[in-house]
Amino acid sequence: MEHFALWLSAFLTLGILSFLYKDNPWYKLSEAVFVGISAGFWFVTLFWDNLVGKFWDGWQDEPMLWVGAVLGFLMLLRLVPRIGWISRWPLAFIVGATSGLWLMNYLASNIMVQVQATIQSLLSTSYASGYDAGWGAMINSLVIVVGTFTGLVYFYFSKEHKGAFGGAARVGIFFIMITFGASFGYTVMSRMSLLIGRIDFLLGDWLGLIN
Amino acid sequence: MSFHRGRTSSLASGLTARLAIFIIVIAFLVTPTSWSQADGPDPVLAGSDSALASLAPITSLVAEDNTYDNGNALRLIWVPSIDDRLIDSKIIGYRVYRLAGAGEPRAIAELPPGSNQYLDETVLRDSVYSYYISTLSERAEFPSNRTAAISPQREWINLDRGYLFLIALAIAGAVIYYVTVAKRGKKLFVRKIAGLEAIDDAVGRATEMGRPVLFIPGIHDMDDVQTLAALTILGRVSRTIADYESKIFMPVARSLVMTAGREVIKSSYQAAGRPDAYSDDMVNYITDEQFGYVAAVDGIMVREKPATVFLLGAFFAESLILAETGNSVGAIQIAGTARPAQLPFFIAACDFTLIGEELFAASAYLSGEPRQLGSLKGQDVGKVIAMVVMTVGVIALTFAEAWKIEFMQDILDRLSIIFSTN
């Protein structure tokens with residue numbers, strides 16, 4: 001059985017990789033198996049984790065779970081065309097609650113923390129933490145302050161990017177693009193680990209060519 | 001005899017009772033703290049001359065939940081040791097001990113003489129704690145009674161975030177102001193956003209080529225604002241598609257997004273006067289599994305060969321796979337996400353990319369509605385506030401550190417209180 005699972009995994013892995021050549025029946029089979037099994041897996045997981053694990057096991061102790069259960073039931077009313085419009089209520093609840101919850105979180109994390117982190121001394125050679133950092137730290141501070149400020153100018157939509165304002169926005173987009181360049185290289189390297197994982201499986205676990 | 005014996009017995013019992021009372025009174029007078037410390041820890045003595053070093057412990061120690069917080073602080077209040085009032089006091093300070101549940105006591109703070117309260121901000125919500133405080137001399141410590149067990153509770157209103165609320169109020173006020181201004185008919189300016197300008201052209205191209213438009217709303221659920229922003233743009237895109245009588249297909253990875261997507265497209269087709277052209281098959285659930293979804297969408301791309309692909313929402317490791325496949329089938333691609341790690345891939349492989357905030361500004365830009373434009377202008381006010389605070393903060397910190405200017409330090413202190421994010 002173990003051998004069968006190993007060979008099946010290798011067969012499906014090669015099937016997905018065959019897409020690199022072109023779309024073909026092998027890929028279509030692997031894709032269908034992947035999609036079908038994963039959809040079934042998630043259905044079972046959500047059923048046991050949410051419906052049974054959270055609601056069924058906890059509705060007596062936690063009355064608030066009934067709110068979720070009722071909203072979930074209202075979603076199912078889509079299946080009854082005559083009263084299907086009721087399913088918009090839970091959707092409206094989710095959209096409204098999400099917006100409200102994230103408003104304060106984003107305000108705190110994306111604005112307050114960013115502003116705090118950007119307030120840096122441009123001349124002093126020492127940080128609050130006490131280490132003597134010299135010119136390198138001053139340049140570092142300058143990059144953070146100028147980069148953040150001009151980046152904000154770029155994302156200011158109420159004014160045309162012309163003149164000095166446009167110049168600042170151009171500096172801002174340079175900073176953003178340099179950041180993206182660095183991020184691109186970093187993320188590509190981390191994605192390589194996914195490929196290495198599959199090659200390790202094919203050459204190691206399946207063919208036994210590497211230990 | 002019996003009378004005599006009885007008298008002697010009565011005398012003996014009277015003496016015994018008096019002796020017992022005398023011993024109790026003496027014991028009470030000699031060791032007063034041993035009575036008051038019945039449920040507290042014993043004194044810890046570093047030296048042998050304990051009598052000389054003896055200090056009265058603090059009294060009336062009470063632990064109470066700190067009000068109007070997130071359930072992350074307990075307040076201790078006590079009456080300082082009576083020896084603390086002496087001019088030549090031997091007290092060098094107080095040490096606060098905390099017991100988590102039935103655990104061992106742990107010293108969490110040392111306070112100077114004269115202290116009468118302490119705020120413990122290192123506790124966890126709903127955990128149970130008790131405290132005692134030792135009065136410290138040079139060579140010994142004298143513990144107080146232990147407090148009753150208490151657990152920090154979260155309140156409905158958290159005053160630690162008061163300034164955050166005020167800033168949110170200022171931005172919300174600006175939004176309301178601009179919405180009102182826009183409703184009165186004043187034209188609000190919003191600069192051009194290249195990616196959004198291209199939407200009509202991209203849909204027109206699909207119509208001319210007779211190929212569908214593929215709309216991918218990311219892989220997150222409706223509790224992600226990027227998905228909400230993507231669905232707002234979907235409203236405009238599907239309206240254009242309905243007008244042009246083109247075709248749209250939207251594979252999704254979340255069931256709720258499928259439901260919401262169908263509602264959005266249906267509304268757009270109704271608004272365009274073509275409700276009959278709408279079909280539920282335009283939006284299909286694939287799977288919640290990230291790479292299962294990617295495999296299916298890649299297959300759809302190479303088989304259907306869409307003329308236009310929209311990649312808007314929350315994307316992760318699948319961003320480059322999807323964008324590269326879309327590019328390989330010759331589709332014009334408009335992408336947008338607020339995830340910094342994925343934006344480089346979209347910039348490299350797509351024709352137009354909405355960077356972060358542009359994705360959220362898109363709905364206002366596309367609709368041109370006063371309400372949404374006002375919201376966008378209000379957000380710009382928030383950015384101006386951030387820029388002003390940063391400028392003032394950087395100047396204040398630079399001057400305060402380099403030239404030790406007290407006034408600048410005061411400004412800095414105020415800013416750090418306002419922008420604290422507890």
| Just wondering, is there one or more residues in segment B:316-331 that are β-branched (Val, Ile, Thr), open to solvent by 10 Å² or more (accessible area, probe 1.4 Å) and not assigned by TED's automatic domain parsing to the domain that holds B:THR227? | no
| message | Contact list please: Cβ distance under 6 Å, first residue in segment A:95-106 and more than 7 Å from every other protein chain (Cβ to nearest Cβ), second residue open to solvent by 60 Å² or more (accessible area, probe 1.4 Å), pairs at least six apart or on different chains. | response | none
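Residue-wise test of (1) more than 10 Å from every other protein chain (Cβ to nearest Cβ); (2) touching a helix residue (DSSP H, G or I) at 6+ places or on another chain (Cβ under 7 Å).
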site: B:MET282; (1), (2): yes, yes
site: B:GLY292; (1), (2): no, yes
site: B:ALA295; (1), (2): no, yes
site: B:ARG303; (1), (2): no, no
site: B:THR308; (1), (2): yes, yes
site: B:ALA317; (1), (2): no, yes
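So that you can scan it fast, the table gives a plain yes or no per residue for (1) over 19 Å from B:ALA402 (Cα atoms); (2) in a helix (DSSP H, G or I); (3) small (Gly, Ala, Ser):
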| position | (1), (2), (3) |
| --- | --- |
| A:ALA69 | yes, yes, yes |
| A:LEU77 | yes, yes, no |
| A:TRP85 | yes, yes, no |
| A:ASN110 | yes, yes, no |
| A:ILE139 | no, yes, no |
| A:THR148 | yes, yes, no |
| Criterion (touching a strand residue (DSSP E or B) at 6+ places or on another chain (Cβ under 9 Å) and of a type in the set (Ser, Thr, Tyr)) met by exactly one of A:TYR154, A:TYR186, A:TYR106 | A:TYR154
| remark: Taking segment B:364-400 and keeping residues modelled with pLDDT under 90, facing chain A (nearest Cβ under 10 Å) and open to solvent by 50 Å² or more (accessible area, probe 1.4 Å) leaves B:GLN379, B:PHE399
| query | Here are B:VAL252, B:VAL181, B:VAL225, B:VAL190: which of them is free of Cβ contacts under 8 Å to residues at least 60 places away in the same chain and more than 17 Å from B:ILE334 (Cβ to Cβ)? | reply | B:VAL252
| message | Looking only at residues that are assigned to a loop (DSSP other than H, G, I, E, B) and not acidic (Asp, Glu) in segment B:310-328, which one is modelled with the highest pLDDT? | response | B:PHE315
| query | Among (1) open to solvent by 70 Å² or more (accessible area, probe 1.4 Å); (2) within 14 Å of another protein chain (Cβ to nearest Cβ), where does A:ASP57 come up short? | reply | (2)
| said: Any residue that is surrounded by 12 or more Cβ atoms within 10 Å (Cβ to Cβ), in a helix (DSSP H, G or I) and of a type in the set (A, V, I, L, M) - is there at least one of those in segment A:39-49? | reply: yes
| request: Tell me which residues, restricted to segment B:210-244, are of a type in the set (A, V, I, L, M), more than 14 Å from chain A (Cβ to nearest Cβ) and surrounded by fewer than 23 Cβ atoms within 10 Å (Cβ to Cβ). | output: B:ALA242
| In segment B:268-305, residue farthest from A:LEU46 (Cα to Cα) [restricted to those that are β-branched (Val, Ile, Thr) and either buried (at least 19 other Cβ atoms within 10 Å of the Cβ) or modelled with pLDDT under 95 (or both)] | B:ILE300
| query | Pick from segment A:13-38 the residues that are at the interface with chain B (Cβ under 8 Å from one of its Cβ atoms) and outside any helix (DSSP H, G or I): which of them is nearest to B:LEU256 (Cα to Cα)? | reply | A:ASP23
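The values are calculated or read from the model by the stated rules, or taken from the named source; none is laboratory data. All values reported here derive from a predicted model rather than from experimental measurement. FYI the Cβ positions are ideal-geometry reconstructions off the backbone, even for glycines, and counts take in every protein chain you see. Side chains included, ligands, DNA and RNA excluded: accessible areas come from the protein's heavy atoms. Shrake-Rupley method; radii C 1.70, N 1.55, O 1.52, S 1.80 Å.
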